[in-house]
1. Output wanted: per-residue J couplings in Hz (rounded whole) for segment 77-94, from phi through Karplus 6.51 cos²θ - 1.76 cosθ + 1.60, θ = phi - 60°, x for Gly and Pro.
2. Ranked by Cβ crowding within 10 angstrom, fewest neighbours first, how are Val38, Val135 ordered?
3. Subtracting the Cα-Cα distance from 0.36 nm times the residue separation, let me have the gained length for Thr88 to Asp124 in nm, one decimal.
Amino acid sequence: MMTGSVLDILIYVFDRYMLDEAPEVPEREDLARDLACVGFAHDNVERALDWLADLACVRERALLDPAIDKSGRAVRIFSESELTRLSTECRGFLLTLERLGVLQPLQREIVIDRMIALDADELDTEQLKWVVLMVLSSQPGQDLAFQRLEDWVSNANASGPH
């Protein structure tokens, strides 16, 4: 039996259901059963499904939050816990995505929230790329940003390490 980290489960769900042209994500109970049949550990499946449910809630809440600066002129100051969990490389990658127009400030906040929620000891840019793809794919009208990130990630991987 493979246990699979929460991120492994999220990537599996993302690949299996969210990348389809017409995504048909099963109800939570059916999805949990499918993931258990594949061999993922029950506790991690529950944590992954909670993570996805929280992503949907964060997205809905963010759309309604007037306090969030949608002008893009705000400066992001990372909290002590974020600095501890997100490497300099992760933070730099986030800023680059924002500067390139792949992420808006609101999306950056959702990505940071979802990264911290992974509960992994070390959060790296590979994990961050997946989380960004999941956040972008979960939002309506983000096809162009999603495609730009996919292209950028593929080109960066093709050119090898820097």
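1. 10, 7, 6, 4, 5, 5, 4, 5, 8, 9, 5, 4, 4, 4, 5, x, 5, 4
2. Numbers: Val38 13, Val135 25.
Fewest-to-most Cβ neighbours within 10 Å comes out as Val38, Val135.
3. 12.0 nm
Only the coordinates and a few stated rules stand behind these numbers; no lab work does. On a predicted model such as this, the values are computed, not experimentally measured, just so you know. Note that we place each Cβ from the backbone using ideal geometry, even for glycine, and neighbour counts take in every protein chain shown.
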